[in-house]
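Right, one structure below, let's go through it.
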């Protein structure tokens, strides 16, 4: 619906930026959050006209203040896309607690933080759309990513539980599990490793951020109210279950 306020976390680059742009093109009033890269945020806002709010989604108090500011500027949040995520890859026997904790807090705890800050308002208005960005590696696991896989797998369980709680109030909660998408995070993978990854994708290529964005736009639409608790896998056929 035109005019609905949508918040995309980690929204100034990659998949998040594509989602925010797609929602703006569909008539939503999007805002994005970011944590550290001021230059990328300024560039994104200059190019798109979408305002970027700087706060750490892993910090509950910052989320409270950030959501309050967004609501004051744009209105109550109707759509939330939990996209923020980081990697700190290492095999478990070499992983330290900080590498574990940073990923869990940023990728998973942030979903609680942001959902908790918008859920009361959504319940009061009997409408809400929440999409949590999981991962193929949360479904299938991945060597050297016990932290990332655990966080993303947690997102899928979180989604199913919250979907049950929100359904009677017109709030749908779904997840998207992207495969390997052509973003800065994936391009940082060594070329020889990336070549092997692409070789395992039946469609023979990396995905595009815009392909994830189309999935989000579908799930957050007003007329998608009968879709909740689902995980939409967009991975080129790499993992099916």
One residue from 123, 129 being crowded, with 23+ Cβ neighbours inside 10 Å, over 17 Å from residue 181 (Cβ atoms), touching a helix residue (DSSP H, G or I) at 6+ places or on another chain (Cβ under 6 Å) and touching a residue at least 12 places away in the same chain (Cβ under 8 Å): 129
The lone exception for residue 69 - which of (1) surrounded by 18 or more Cβ atoms within 10 Å (Cβ to Cβ); (2) over 22 Å from residue 212 (Cα atoms); (3) out of contact with any helix residue (DSSP H, G or I) (no Cβ under 9 Å at 6 or more places or on another chain) it fails: (1)
Members of segment 208-238 found to be at pLDDT below 95 and surrounded by fewer than 17 Cβ atoms within 10 Å (Cβ to Cβ), listed by number: 237
Condition met for residue 181 (farther than 18 Å from residue 85 by Cα, surrounded by 15 or more Cβ atoms within 10 Å (Cβ to Cβ) and touching a strand residue (DSSP E or B) at 6+ places or on another chain (Cβ under 7 Å)): no
Segment 1-16, residues that are crowded, with 16+ Cβ neighbours inside 10 Å and outside any helix (DSSP H, G or I): 4, 5, 6, 7, 8, 9, 10, 11, 12, 13
Residue match in segment 48-63 (condition: under 19 Å from the mean Cα position of the chain (by Cα), at negative phi, buried (at least 17 other Cβ atoms within 10 Å of the Cβ) and at pLDDT below 95): no
Selection from segment 143-175 of residues that are part of a helix (DSSP H, G or I), crowded, with 19+ Cβ neighbours inside 10 Å and in contact with a strand residue (DSSP E or B) (Cβ under 6 Å, 6 or more places away or on another chain): 155, 159, 162, 163, 166
Within segment 76-94, tally of residues that are crowded, with 16+ Cβ neighbours inside 10 Å and at pLDDT 95 or above: 9
Number of positions in segment 222-241 that are more than 15 Å from the chain's Cα centre (by Cα), at negative phi and touching a residue at least 60 places away in the same chain (Cβ under 8 Å): 7
Residues (within 16 Å of residue 197 (Cα to Cα) and either touching a helix residue (DSSP H, G or I) at 6+ places or on another chain (Cβ under 8 Å) or modelled with pLDDT of 90 or more (or both)) located in segment 141-153: 141, 142, 145
Residues within segment 130-142 that are assigned to a helix (DSSP H, G or I) and out of contact with any strand residue (DSSP E or B) (no Cβ under 8 Å at 6 or more places or on another chain), tallied: 1
Residue count for segment 6-53, restricted to those that are within 18 Å of residue 117 (Cβ to Cβ) and out of contact with any strand residue (DSSP E or B) (no Cβ under 6 Å at 6 or more places or on another chain): 2
Strands (runs of 3 or more DSSP E) (entirely within segment 17-126) containing at least 2 residues that are within 20 Å of residue 138 (Cβ to Cβ): 79-82
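The values are calculated or read from the model by the stated rules, or taken from the named source; none is laboratory data. Since the model is a prediction, treat every value here as computed from it, not as a measurement. Backbone-built Cβ (ideal geometry, glycine too); neighbour counts: all protein chains shown.
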